[in-house]
Amino acid sequence: MSLDGKCAFITGAASGIGQGVAVRTAARGAHVVCADIQDASVTVKMIQEAGGSAEPVLIDVSSAQDWTEAVSAVVGRTGRLDLLANVAGITPGASGSAGDTVLNLDEATWSRVLDINLKSVWLGMKAVIPHMREAGVGRIVNTSSISALRGMPGMAAYAASKGGIQALTQQAAAEYAADGILVNAIAPGMILTPVKLSNVDIFQEVAAEKHLVPRLGEATEVGDVVVFLFDEATFMTGQVLPVDGGWTARG
Ligand SMILES: NC(=O)c1ccc[n+]([C@@H]2O[C@H](COP(=O)([O-])OP(=O)(O)OC[C@H]3O[C@@H](n4cnc5c(N)ncnc54)[C@H](O)[C@@H]3O)[C@@H](O)[C@H]2O)c1
């Protein structure tokens with residue numbers, strides 16, 4: 001398998017898209033560090049039962065100290081860190097005028113969303129890039145959202161965090177390409193994750209209306225695109241790939 005012998009650090013791996021990315025990365029042969037603020041043992045078990053290699057790691061991605069400790073422990077154990085997917089994130093608030101509009105948003109929510117969704121991506125890259133630099137190779141995939149590409153009322157802090165990820169991705173790509181490190185981002189549309197299960201019919205309906213592929217996406221379909229960026233996309237860096245069933249292509 002083409003990622004045989006590589007070590008991948010995947011945040012948000014206990015649930016949803018992060019779990020899909022972890023499963024698909026392990027299926028290509030990489031050892032996957034399933035990092036999350038909650039126990040990621042379920043994902044580790046899924047990977048091991050399919051014959052892959054994985055371990056859970058507890059981390060708060062908004063903490064610089066957690067990043068330093070987690071990454072040095074992994075490099076100490078495995079001797080390497082080749083791949084990073086920053087997937088962990090939160091989506092607080094409701095959509096529409098009752099949600100986190102520019103006027104409704106409070107300062108505490110702004111800071112929390114920006115810390116967990118955006119600062120975390122900077123901290124993650126800051127922790128892993130020195131190891132990738134030393135090895136002369138590395139791949140990083142950050143998780144933005146189509147809400148950074150289209151205005152969606154009620155998501156001001158979330159959209160700002162996801163827009164920041166796009167800029168930071170381009171910045172890191174420009175700074176470390178010469179070291180053999182490629183940095184890209186994905187921008188998912190509406191993906192079926194546990195939070196949507198309680199209202200799955202409504203989400204399916206909205207997805208069918210917004211996406212050209214008229215359904216919710218699957219977490220593993222996003223995982224397939226991340227694996228493409230990890231494994232195959234050798235002449236791509238600083239890009240944002242929508243994985244949105246064609247939402248942003250819609251007229
Ligand atoms: N599901 C979608 O439709 C969709 C669309 C666009 C973008 N995204 C993005 O994809 C990513 C994953 O979303 P999801 O839908 O799979 O959500 P999810 O809630 O299923 O998974 C998010 C994971 O991140 C973890 N997490 C949250 N805060 C953390 C912290 N401080 N430290 C470490 N881990 C933390 C959670 O424990 C959880 O396991 C997020 O960045 C989200 O913004 C999701």
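Key figures
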quantity: Pair list, Cβ under 6 Å, 6 or more apart: the stretch 5-24 residue near the ligand (Cβ under 10 Å from one of its atoms), other residue open to solvent by 10 Å² or more (accessible area, probe 1.4 Å) and hydroxyl-bearing (Ser, Thr, Tyr); calculated: GLY16/THR193; GLY20/THR220
quantity: Some residue of the stretch 203-223 being open to solvent by less than 50 Å² (accessible area, probe 1.4 Å), of a type in the set (S, T, N, Q) and touching a Lys or Arg at 6+ places or on another chain (Cβ under 7 Å); calculated: yes
quantity: Qualifying positions in the stretch 182-198 - within 8 Å of the ligand (Cβ to nearest atom), open to solvent by 10 Å² or more (accessible area, probe 1.4 Å) and of a type in the set (Gly, Ala, Ser); calculated: GLY189
quantity: Counted residues, the stretch 70-86 - those being open to solvent by 20 Å² or more (accessible area, probe 1.4 Å) and either within 22 Å of ARG112 (Cα to Cα) or of a type in the set (S, T, N, Q) (or both); calculated: 2
quantity: Unmet requirement for ALA54, which otherwise passes all of (1) within 20 Å of GLY20 (Cα to Cα); (2) touching a residue at least 40 places away in the same chain (Cβ under 8 Å); calculated: (2)
quantity: Scope the stretch 70-112; condition at pLDDT 95 or above and under 15 Å from the mean Cα position of the chain (by Cα); matching residues; calculated: LEU83, LEU84, ALA85, ASN86, VAL87, ALA88, GLY89, ILE90
quantity: Residue among VAL87, VAL44, VAL61 that is closer than 24 Å to GLU134 by Cβ and within 15 Å of the ligand (Cβ to nearest atom); calculated: VAL61
quantity: Whichever residue in the stretch 123-140 is away from the ligand (no atom under 16 Å from the Cβ) and outside any helix (DSSP H, G or I) and, among such residues, is nearest to ALA233 (Cα to Cα); calculated: ARG139
quantity: Helices (runs of 4 or more DSSP H) completely within the stretch 151-251 that count 1 or more residues being farther than 24 Å from THR91 by Cα and touching a residue at least 40 places away in the same chain (Cβ under 8 Å); calculated: 156-176, 219-231
quantity: Which listed residue, of SER120, SER111, SER95, is in a helix (DSSP H, G or I), surrounded by 15 or more Cβ atoms within 10 Å (Cβ to Cβ) and either touching a strand residue (DSSP E or B) at 6+ places or on another chain (Cβ under 6 Å) or of a type in the set (Gly, Ala, Ser) (or both); calculated: SER120
quantity: All positions within the stretch 25-41 that are near the ligand (Cβ under 10 Å from one of its atoms) and among the aliphatic types (A, V, I, L, M); calculated: ALA35, ILE37, ALA40
quantity: Single match in VAL121, VAL128, VAL113 (criterion: in contact with a Pro (Cβ under 8 Å, 6 or more places away or on another chain) and closer than 21 Å to GLN65 by Cα); calculated: VAL113
quantity: Any hit, the stretch 50-58, residues being within 8 Å of the ligand (Cβ to nearest atom), over 18 Å from ASN142 (Cβ atoms), modelled with pLDDT of 95 or more and open to solvent by 30 Å² or more (accessible area, probe 1.4 Å); calculated: no
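The values are calculated or read from the model by the stated rules, or taken from the named source; none is laboratory data. Please read all numbers here as calculations on a predicted model, not as lab measurements. Using ideal geometry, Cβ is built from the backbone for each residue, glycine included, and neighbour counts are taken over all protein chains shown. Accessible surface is based on the protein model in full, side chains and every heavy atom, while ligands, DNA and RNA are left aside. Shrake-Rupley method; radii C 1.70, N 1.55, O 1.52, S 1.80 Å.
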